[in-house]
Amino acid sequence: IPGRGHSSPVVEDNLVWMTTAYETPASEEDMKKRLQSNTGSQPLTLLATVSLRAVRIDPKTGKVLLNVEVFKKDKPQWVHKMNSYASCTPWLEDGKLYCHFGAMGNACLDAKTGKVLWRNDDKKLWVMHENGPGSSPILSGDHMIFHLDGSDKQSIVALRKDNGKIAWQTKRSGKMNSNPQLQKAYSTPILVKINGKDCVASPAADWIYGYDPASGKELWKVPYGLLGFSNVARPVVGHGMIYVPTCFMKGEVLAIRYQGVPKPKVAWRLSRGGPKMPSPLLVGNELYLVNDAGIAMCLDAKTGEMHWRERINAQFSASPTYADGKIYLCDRKGATTVLKPGKSYKVLAHNQLDGGEHKASLTPYGKSFLVRTEEAIYRIGRK
């Protein structure tokens, strides 16, 4: 796949799309000048220009069918070396591809022809990500919803699906850390029904919020109780609870009960070893986690009781996947550990894939997986 990106492929019928970025590095002089405004201390990538693109492939052959430039930006803000300019996974629905590139812009494409139907890079949607964009969008009703949690401003936004105009933008409430570097976040929202009504569960720095997806009205918020920021992992929902990792600094996992209580509250917490980037996985009554350092865990989803905790000798960014009765854990170096779900730890297989670092999560396609690495995309399945 030309360019570079960490977004996962998305599939609808035989349409397969992903985003990527063509990068033109900044000069050393320009880099020194622009990085003077960086208040953090992270290893960064800085560009002179970036071409943000959407790529359609043939799922049978892997051939690139369409390669569409969605935006071209001069002197874009830097991204972390672990990140890319195309890390937000797009959303494919009813023949339309909805792309989010963080503060750099949003767009909707006709998924068959690649025609750009609308673009929105409104200045009202600009924030300083510090480490680059990471949150993926979701769709709800007539809206495309996403997070803009920078070091300078924090909000959740809905654009109209038909024309890309801002439907609502809600500023984050509640006290945050005084250090702007600890106010940013990169997690993805998730829809949950509470008392029969749709609610957007939205993790940000220090708080998880609930919003009305139609109006953007804040319905509730729950503090983590301990510093949480740079959130990457997406929450999962089940058993009347939202399972949300607090991510960086001291990573915890909170089970937020919303069913059968007057307002959402913490039911239990995993106080150590929570993932920073990989999202949790809920299978039946068990919650599965793998953290960035390769510690895999299985907990009782209702009580938080630990069933097992094992070390996999690897580092992880991609989220675990459940398919065909198995759990797939893909590490950064392209190895996949396959587990049997259950209250005891059982490895079914261990496979190594060449092709550069692996940071995108697996995408099921029929009875196969689409696997994106830094260098290529593969389709893995039985012939």
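The values are calculated or read from the model by the stated rules, or taken from the named source; none is laboratory data. Owing to the predicted nature of the structure, the values given are computational and were not obtained by experimental measurement. Here the Cβ positions follow ideal geometry from the backbone for every residue, glycine too, while neighbour counts run over all protein chains shown. Accessible surface areas use protein heavy atoms only, side chains included; no ligands, DNA or RNA. Shrake-Rupley method; radii C 1.70, N 1.55, O 1.52, S 1.80 Å.
Taking 0.36 nm per residue of sequence separation and removing the Cα-Cα distance, the residue 380/residue 263 pair yields an extension gain of 37.7 nm.
Taking the 1.4 Å solvent-accessible surface of region 1-130 as the whole, the part contributed by carbon and sulfur is 49%. The HN-Hα couplings worked out from phi for region 237-245 by the Karplus form 6.51 cos²θ - 1.76 cosθ + 1.60 (θ = phi - 60°) are 10, x, 6, x, 9, 10, 9, 10, x Hz, whole numbers, x standing for Gly and Pro.
Once backbone amide H atoms are built at 1.01 Å from N, residue 368 has no partners under 5 Å, excluding neighbours fewer than 5 places away on the same chain. Per residue, the convex hull around the alpha carbon atoms of region 224-314 comes to 84 Å³. Here the calculated FRET efficiency for residue 333 and residue 195, from their Cβ-Cβ distance with R0 = 45 Å, stands at 0.50, rounded to the nearest 0.05. Pairwise Cα distances in region 326-372 exceed 15 Å for 48 percent of all pairs.
The C-alpha atoms of region 96-155 occupy a region whose extents along the principal axes are 37, 21, 18 Å, arranged from largest to smallest. Computed 3J(HN,Hα) for region 21-30, one whole-Hz value per residue from the Karplus formula 6.51 cos²θ - 1.76 cosθ + 1.60 where θ = phi - 60°, is 9, 8, 10, 10, x, 6, 5, 4, 5, 5, glycine and proline marked x. Of the solvent-accessible surface of region 271-355, computed with a 1.4 Å probe and all protein chains present, 44% belongs to carbon and sulfur. Using θ = phi - 60° in the Karplus curve 6.51 cos²θ - 1.76 cosθ + 1.60, the 3J(HN,Hα) couplings for region 44-51 round to 10, 10, 10, 10, 7, 9, 9, 9 Hz; x is entered for Gly and Pro.
The loop-placed chymotrypsin sites (Phe, Trp or Tyr not before Pro) in region 326-366, going by DSSP, that have at most 15 neighbouring Cβ atoms within 10 Å of their Cβ come out as 345.
Using a probe of 1.4 angstrom and keeping all protein chains present, the accessible surface of the chain works out to 44 square angstrom per residue. FRET efficiency for the pair residue 121 and residue 65, taken as 1/(1 + (r/R0)^6) with r the Cβ-Cβ distance and R0 = 30 Å, rounds to 0.70.
Spacing of the modelled spin labels on residue 94 and residue 303, each 7 Å from Cα toward Cβ, amounts to 4.6 nm. When Rg and the Kirkwood Rh are both derived from Cα coordinates, the Rg/Rh ratio for region 1-158 amounts to 0.97. Along each principal axis, taking the top coordinate minus the bottom one, the Cα set of region 179-233 gives 37, 19, 18 Å in descending order. Given their separation in residues at 0.36 nm each and the Cα-Cα distance between them, residue 178 and residue 163 gain 1.7 nm when the chain is fully extended. In percent, rounded to a whole number, the relative contact order of the chain is 9, using alpha-carbon pairs under 8 Å and six or more apart.
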